[in-house]
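Visitor: One structure coming up, written as structure tokens, with questions to follow.
The values are calculated or read from the model by the stated rules, or taken from the named source; none is laboratory data. This structure is a prediction, so every number in the text was calculated from the model and none was measured. Cβ placement follows ideal geometry from the backbone for every residue including glycine, while neighbour counts extend to all protein chains displayed. Accessible surface areas use protein heavy atoms only, side chains included; no ligands, DNA or RNA. Shrake-Rupley method; radii C 1.70, N 1.55, O 1.52, S 1.80 Å.
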Amino acid sequence: MSLIVQKYGGTSVGTVERIEAVAKKVAASYQEGNQLVVAVSAMSGETNRLIGLANEISSDANLREMDVLVSTGEQVTIALLCMALQKLGIDALSYTGSQVRILTDNAHGKARIREIDNHRLQGALKAGKVVVVAGFQGVDEEGNITTLGRGGSDTTAVALAAALKADECQIYTDVDGVYTTDPRLVSDARRLDKITFEEMLEMASQGSKILQIRSVEFAGKYSVPLRVLSSFEEGPGTLISLEEDDQMEKPLVSGIAFNRDEAKLTIRGIPDQPGVAYKVLGAISEANIEIDVIVQNVAKDNSASITFTVNKTDLSQAEELLGEIAKDLGALEVDSDKRIAKVSIVGVGMRSHAGVAAKMFEALSDEGINIQLITTSEIKITVVIEERYLELAVRALHSVFELSASDSEST
Ligand code: ADP
Ligand code: ASP
Ligand code: MG
């Protein structure tokens, strides 16, 4: 008997018929003798609909109330899925995040899980029940409802798997695994049988929305065996593996991630002195704004400029803060640009190969794409480019690094 945590995303539970189909999949696994905890998302479009309602009242609604609002989407799905399971004769029980006691910090809208009390879950499992848990939500010390950030149901599932020491965490979604890049953008992208945690973490953090980044962090930290599979068709999916497979010939690049979610901010004409970067970036991160790519330049006249990217949703707050810092430092100017995109190539194979960056830059140059910012790690290279060139860049890189299904057939 295995203990399995399954997670079904928004499209997979998008209609009552689909919820009934999910119930059949859950029932089949239960009837094979597995213990099952199922985390679910809101029905597709529901979270956006709720955010839209709030925006009709205020563009700047209170974050605690936003969490009370958006967490309702998942509460609907857990009840409907339990009803569908009960109709199939399965003893199922639904729990909200606070009922399980998924304890988080109090950062509304982007809360982090601190602890899961698995008592109730274990009791219900022992009693032979299938437990259905609302994804995306938790509760803080004071009993306030919190949410874990967009796509957060993945993190709920992995955290539950970690807390219960589950044998596997299965993420069921609307594609049949992790691909070399988003198959919606590149139609001949290839499904990967396996990807390492490290690579998946880079893919997720560079914008590939197939898994929420925190879910991958959790899975790595607690060694949760993680698999991405399709809700709609049978298949092995993609295993996110803890170890690098030495037998496997490592490709140079395993995948390409991209995102359009960031904006670029620049502060110019600041002193080139110790403490200045801290003053600029420290104030931004103290406001709980995540900073991504950072570049500093020093001009001939010894004045410095710092450019960095933040999520578009944090842009106006970051601009405001940067304006204040600019006054403080006597900076020349501050400007921002929303029309940017980030493209990254990811692969553990890069560690042992030189010349990957040159190949990437050549491919972009051949397409006439200007690179605005560059940042690298051992296993990824990221560039920031003008947003309108994003698709062209991803397709060019997918082809240059031979990632298509047809490329793998010919080798
Ligand atoms: P869910 O609602 O099940 O959580 P998501 O929309 O969050 O589903 O994630 C699945 C989507 O992720 C796919 O439909 C696909 O468009 C997108 N995606 C982005 N990058 C990749 C990738 N490398 N491989 C597979 N899917 C990807
Ligand atoms: N319903 C939430 C969202 O749309 C969480 C999730 O689907 O994982 O972001
Ligand atoms: Mg998702």
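Visitor: Out of all the residues in segment 8-37, which are within 16 Å of residue 230 (Cβ to Cβ), surrounded by 22 or more Cβ atoms within 10 Å (Cβ to Cβ) and in contact with a Leu (Cβ under 9 Å, 6 or more places away or on another chain)?
Guide: Once the filter is applied, which keeps residues that are within 16 Å of residue 230 (Cβ to Cβ), surrounded by 22 or more Cβ atoms within 10 Å (Cβ to Cβ) and in contact with a Leu (Cβ under 9 Å, 6 or more places away or on another chain), segment 8-37 yields 8, 13, 22, 26.
Visitor: I need the full set of residues from segment 148-178 which are of a type in the set (Asp, Glu), more than 26 Å from residue 107 (Cβ to Cβ) and within 12 Å of ligand 3 (Cβ to nearest atom), in order please.
Guide: Of everything in segment 148-178, just one residue is of a type in the set (Asp, Glu), more than 26 Å from residue 107 (Cβ to Cβ) and within 12 Å of ligand 3 (Cβ to nearest atom), namely 174.
Yes/no per residue for (1) more than 12 Å from ligand 1 (Cβ to nearest atom); (2) surrounded by 18 or more Cβ atoms within 10 Å (Cβ to Cβ); (3) under 25 Å from residue 311 (Cα atoms):
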site	(1), (2), (3)
137	yes, yes, yes
152	no, yes, yes
162	yes, yes, no
180	no, yes, yes
185	no, no, yes
191	no, yes, no
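Visitor: Yes or no: segment 347-356 includes at least one residue that is modelled with pLDDT of 95 or more, open to solvent by less than 10 Å² (accessible area, probe 1.4 Å) and part of a helix (DSSP H, G or I).
Guide: There is no residue in segment 347-356 that is modelled with pLDDT of 95 or more, open to solvent by less than 10 Å² (accessible area, probe 1.4 Å) and part of a helix (DSSP H, G or I).
Visitor: Now for a separate question. For residue 397, which of the numbered conditions (1) over 27 Å from the mean Cα position of the chain (by Cα); (2) open to solvent by less than 10 Å² (accessible area, probe 1.4 Å) fails to hold?
Guide: All conditions are met except number (1).
Visitor: Looking at (1) in contact (Cβ under 8 Å) with a residue 24 or more places away in the chain; (2) open to solvent by 40 Å² or more (accessible area, probe 1.4 Å); (3) not basic (Lys, Arg), which one does residue 201 not meet, given that it meets all the others?
Guide: In the conditions (1) in contact (Cβ under 8 Å) with a residue 24 or more places away in the chain; (2) open to solvent by 40 Å² or more (accessible area, probe 1.4 Å); (3) not basic (Lys, Arg), residue 201 misses (1) alone.
Visitor: Checking residue 4 against (1) within 15 Å of ligand 1 (Cβ to nearest atom); (2) assigned to a strand (DSSP E or B); (3) not polar (S, T, N, Q): exactly one of these is not met. Which one?
Guide: Failed condition: (1).
Visitor: Given (1) within 13 Å of ligand 2 (Cβ to nearest atom); (2) surrounded by fewer than 18 Cβ atoms within 10 Å (Cβ to Cβ); (3) assigned to a strand (DSSP E or B), identify the lone condition not met by residue 114.
Guide: The single condition residue 114 does not satisfy is (1).
Visitor: Got at least one residue in segment 80-95 being of a type in the set (A, V, I, L, M) and within 16 Å of ligand 3 (Cβ to nearest atom)?
Guide: Looking for residues that are of a type in the set (A, V, I, L, M) and within 16 Å of ligand 3 (Cβ to nearest atom), one finds none in segment 80-95, hence no.
Visitor: Filtering segment 236-249 down to residues that are at pLDDT below 95 and surrounded by fewer than 15 Cβ atoms within 10 Å (Cβ to Cβ), which residue is nearest to the chain's Cα centre (by Cα)?
Guide: 242
Visitor: Tally the residues that are basic (Lys, Arg) and not in a helix (DSSP H, G or I), restricting the search to segment 275-324.
Guide: Total satisfying the criteria: 1.
Visitor: Among (1) within 16 Å of ligand 1 (Cβ to nearest atom); (2) part of a helix (DSSP H, G or I), where does residue 52 come up short?
Guide: Result: residue 52 passes all but (1).
Visitor: Based on what the data block shows, is residue 409 at pLDDT 95 or above and open to solvent by 30 Å² or more (accessible area, probe 1.4 Å)?
Guide: Here the answer is no, as residue 409 does not meet what is asked.
Visitor: If only one of 188, 167 is of a type in the set (Asp, Glu) and modelled with pLDDT under 95, which one is it?
Guide: 188
Visitor: Going residue by residue through segment 166-175, is there one that turns out to be within 18 Å of residue 228 (Cα to Cα), within 15 Å of ligand 1 (Cβ to nearest atom) and of a type in the set (Ser, Thr, Tyr)?
Guide: yes
Visitor: Could you please tell me which pairs satisfy a Cβ distance under 7 Å, a separation of 6+ or placement on different chains, a first residue in segment 349-368 that is free of Cβ contacts under 8 Å to residues at least 60 places away in the same chain, and a second residue that is surrounded by fewer than 12 Cβ atoms within 10 Å (Cβ to Cβ)?
Guide: Close Cβ pairs (under 7 Å, with a partner that is surrounded by fewer than 12 Cβ atoms within 10 Å (Cβ to Cβ)) amount to 351/378.
Visitor: I've got another one for you. Determine whether segment 93-105 contains at least one residue that is surrounded by fewer than 24 Cβ atoms within 10 Å (Cβ to Cβ), in contact (Cβ under 8 Å) with a residue 60 or more places away in the chain, part of a loop (DSSP other than H, G, I, E, B) and more than 16 Å from ligand 1 (Cβ to nearest atom).
Guide: no
Visitor: Could you list all residues from segment 55-83 that are in a loop (DSSP other than H, G, I, E, B), surrounded by 14 or more Cβ atoms within 10 Å (Cβ to Cβ) and away from ligand 2 (no atom under 14 Å from the Cβ)?
Guide: Answer for segment 55-83, where residues must be in a loop (DSSP other than H, G, I, E, B), surrounded by 14 or more Cβ atoms within 10 Å (Cβ to Cβ) and away from ligand 2 (no atom under 14 Å from the Cβ): just 61.
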